[in-house]
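First comes the structure, then the notes that go with it.
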Amino acid sequence: MNPDYVKIFDTTLRDGEQCPGAAMSEDEKIEIALHLAKMKVDVIEAGFPISSPVQFQAVERIAREIEGPIIAGLARAMRADIESAGRAIAPAKRKRIHTFIASSPIHMKHKLGKNPTEVLEMARQAVRISRDLVEDVEFSAEDGTRSEWEFLRELTEAVIEEGATTINIPDTVGYTTPEEYGKLFEFLKQNVKGADKVIFSAHCHNDLGLAVANSLSAIINGARQVECTINGIGERAGNTAMEEIAMALRTRKDFFGIETNLETTHIARASYLVKTITGMVVQPNKAIVGANAFAHESGIHQDGVIKNRETYEIMKPESIGLKSNRMVLGRHSGRAGFKERIVKLGFDPKAEDLDAAYQRFLEIADRKKEIFDEDLLALFSDEVRRSDSDQFQLVSFEIKTGTDSIPTATIKIKISDQIREETSKGDGPVDAIFNSIDLATGHSPLLSRLLISPVTEGADALAEASVTLENSGKRVVGKASSTDIIEACALAYINALNRL
Ligand code: KIV
Ligand code: ZN
């Protein structure tokens, strides 16, 4: 193992998915996993197989279909969990069981009802059972940062003896600080027998906004795996953001002297994918992937950047897969230029999706002067989501609204081969259009979330709508974009209905 190389362990599909509202369908997980493989992450934690049949199936499918990264399945330190994880990851060429048990006094006493000796024995056994199934076994000491260091030393030494190959020290509740976390890694690396045979791993939560700083400190002190998620999604305040870690190590290679294997030019698309699939918006000022991350607003900054980009830019937008001036195409752009840009953005377009997306691009280019990379990402993703076999298709709609009138929507929807027209009122134009869609389709699912966000800036910007619907225990997210906000909402609602 190259000592100057840190492995990227992506847990977007496991810890990321655990955050409220981020549940993904199996196909969506595959889409993300394919992209993670393209980015060359080292490990994909695909899920927690024992937690449900749906989780099991998704992990198994990822293990079967995704090549390149190691596929990991999570398991508590229990035989049934470990065997389930072992079965789910079995089809993968490169596989890992990730088993964990809590090691802090508060977790051991109140959550597990076990004493340290019992926890130590459970950890030993878990690693032993895992090693009977696979060679690559990661052990995590949950709530590691609130554990007693001497117990952590004893515990990690024991699991290394049993054959664990990666030792992860999670900051489960986002409690530690960079200096303290760094010292903990230094302590373990110096005092655990067998430490030189394993890889130490950092896993941080962002409750105090320190996840990335803590992970970097662990790396400085010897961690050679970092667990992270795209856009930093995850429980509560989220996990370490992969894009921030990767770009910090890359931009400050002079300081850290450590590399990752990540293809950073796929970061923008990864961020977009996770944002649209989970419906979890990215704040505009978010480091690396926020809409404003490379935007220069003040006159002094703009002037400096025009004279020399490096005056105010420490990274190039191209390094994460965005075009430098962000404006890429316009009304006169040809199909070849359009396709080239779509491929550069990380898509592998099918001919029919490309044709349909190009037609929509031309329509949008008539309404919108400048088409940015972000617009293309939205537009092409719409095409990939849409299918000719969709049961419901929007034909047209009309809205009447105003300060003195009740918002009313009339919609025409193609259902199989018939067109149905319905009119309905609502609390606002979006409510009215959703009501009219319910009437036309004969469905009235529960709308549990609606998010509308502009893709770029300006009054002519594309708006992206994400609609979460629930029906009979099933939950789906529908998405769509348009320069017309109401149309984006209607299309997203119909997209969700088709998926239901
Ligand atoms: O935060 C945590 O402790 C975890 C473990 C299961 C690794 O996610
Ligand atoms: Zn976690």
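The values are calculated or read from the model by the stated rules, or taken from the named source; none is laboratory data. Quick caveat, the model's predicted, so the values are computed rather than measured. A quick note on method: Cβ atoms are made from the backbone with ideal geometry, for glycine too, and the neighbour counts reach across all protein chains shown. The area values use the complete protein model at the heavy-atom level, side chains included, leaving out ligands, DNA and RNA. Shrake-Rupley method; radii C 1.70, N 1.55, O 1.52, S 1.80 Å.
One residue alone among Ile106, Ile97 is β-branched (Val, Ile, Thr) and open to solvent by 60 Å² or more (accessible area, probe 1.4 Å), and that residue is Ile106.
Restricting to region 109-128, what's the tally of residues that are out of contact with any strand residue (DSSP E or B) (no Cβ under 8 Å at 6 or more places or on another chain) and either in a helix (DSSP H, G or I) or hydrophobic (A, V, I, L, M, F, W, C) (or both)?
Of the residues in region 109-128, 10 are out of contact with any strand residue (DSSP E or B) (no Cβ under 8 Å at 6 or more places or on another chain) and either in a helix (DSSP H, G or I) or hydrophobic (A, V, I, L, M, F, W, C) (or both).
Within the option set Ile71, Ile62, Ile50, being open to solvent by 10 Å² or more (accessible area, probe 1.4 Å), over 14 Å from the mean Cα position of the chain (by Cα) and either within 16 Å of ligand 1 (Cβ to nearest atom) or without any contact (Cβ under 8 Å) to a residue 60 or more places away in the chain (or both) holds for one residue only, Ile50. Step by step: first the residues of region 226-274, then only those that are open to solvent by less than 40 Å² (accessible area, probe 1.4 Å) and of a type in the set (D, E, K, R), then the one that is farthest from Val198 (Cα to Cα). Which residue is that? Result: Arg269.
Matching residues to (1) at negative phi; (2) more than 16 Å from ligand 2 (Cβ to nearest atom); (3) surrounded by fewer than 21 Cβ atoms within 10 Å (Cβ to Cβ):
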{"residue": "Lys193", "(1), (2), (3)": "yes, yes, yes"}
{"residue": "Lys197", "(1), (2), (3)": "yes, yes, yes"}
{"residue": "His203", "(1), (2), (3)": "yes, no, no"}
{"residue": "Asp207", "(1), (2), (3)": "yes, no, yes"}
{"residue": "Val212", "(1), (2), (3)": "yes, no, no"}
{"residue": "Ala218", "(1), (2), (3)": "yes, no, no"}
{"residue": "Arg224", "(1), (2), (3)": "yes, yes, yes"}
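Please indicate, with yes or no, whether at least one residue in region 5-28 is out of contact with any Lys or Arg (no Cβ under 7 Å at 6 or more places or on another chain), more than 16 Å from ligand 1 (Cβ to nearest atom) and among the basic types (Lys, Arg). No: zero hits.
Conditions (1) among the hydrophobic types (A, V, I, L, M, F, W, C); (2) within 26 Å of Asn292 (Cα to Cα); (3) free of Cβ contacts under 8 Å to residues at least 60 places away in the same chain; (4) crowded, with 22+ Cβ neighbours inside 10 Å, marked per residue:
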| position | (1), (2), (3), (4) |
| --- | --- |
| Asp348 | no, no, yes, no |
| Asp353 | no, no, yes, no |
| Ala356 | yes, no, yes, no |
| Gln359 | no, no, yes, no |
| Glu363 | no, no, yes, no |
| Leu377 | yes, yes, no, yes |
| Val384 | yes, no, yes, no |
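Being in a strand (DSSP E or B), hydroxyl-bearing (Ser, Thr, Tyr) and open to solvent by less than 70 Å² (accessible area, probe 1.4 Å) is the requirement here; does Ser424 meet it? For Ser424, the condition - in a strand (DSSP E or B), hydroxyl-bearing (Ser, Thr, Tyr) and open to solvent by less than 70 Å² (accessible area, probe 1.4 Å) - is met. The residue of region 154-191 that is least open to solvent (accessible area, probe 1.4 Å), among those that are away from ligand 1 (no atom under 14 Å from the Cβ) and aromatic (Phe, Trp, Tyr), is Phe185. Per this entry, Ser453 is not counted among residues that are on the phi > 0 side of the Ramachandran plot and either of a type outside the set (D, E, K, R) or open to solvent by less than 10 Å² (accessible area, probe 1.4 Å) (or both).
The requirement of being within 15 Å of ligand 1 (Cβ to nearest atom), out of contact with any strand residue (DSSP E or B) (no Cβ under 6 Å at 6 or more places or on another chain) and basic (Lys, Arg) is satisfied by Arg236. Of the numbered conditions (1) out of contact with any Lys or Arg (no Cβ under 9 Å at 6 or more places or on another chain); (2) loosely packed, with under 14 Cβ neighbours inside 10 Å, Lys339 satisfies every one except a single condition; which is it? Here Lys339 clears every test but (2). Against the conditions (1) touching a residue at least 40 places away in the same chain (Cβ under 8 Å); (2) in contact with a strand residue (DSSP E or B) (Cβ under 6 Å, 6 or more places away or on another chain), Ser104 satisfies every one except (2). For region 25-37, the set of residues classified as open to solvent by 50 Å² or more (accessible area, probe 1.4 Å), at pLDDT below 95 and either under 13 Å from the mean Cα position of the chain (by Cα) or not charged (D, E, K, R) (or both) consists of Glu31 only. Evaluate the following for Lys40: is it open to solvent by 30 Å² or more (accessible area, probe 1.4 Å), in the same structural domain as Glu244 (by TED's automatic domain parsing) and either among the charged types (D, E, K, R) or within 16 Å of ligand 2 (Cβ to nearest atom) (or both)? Yes.
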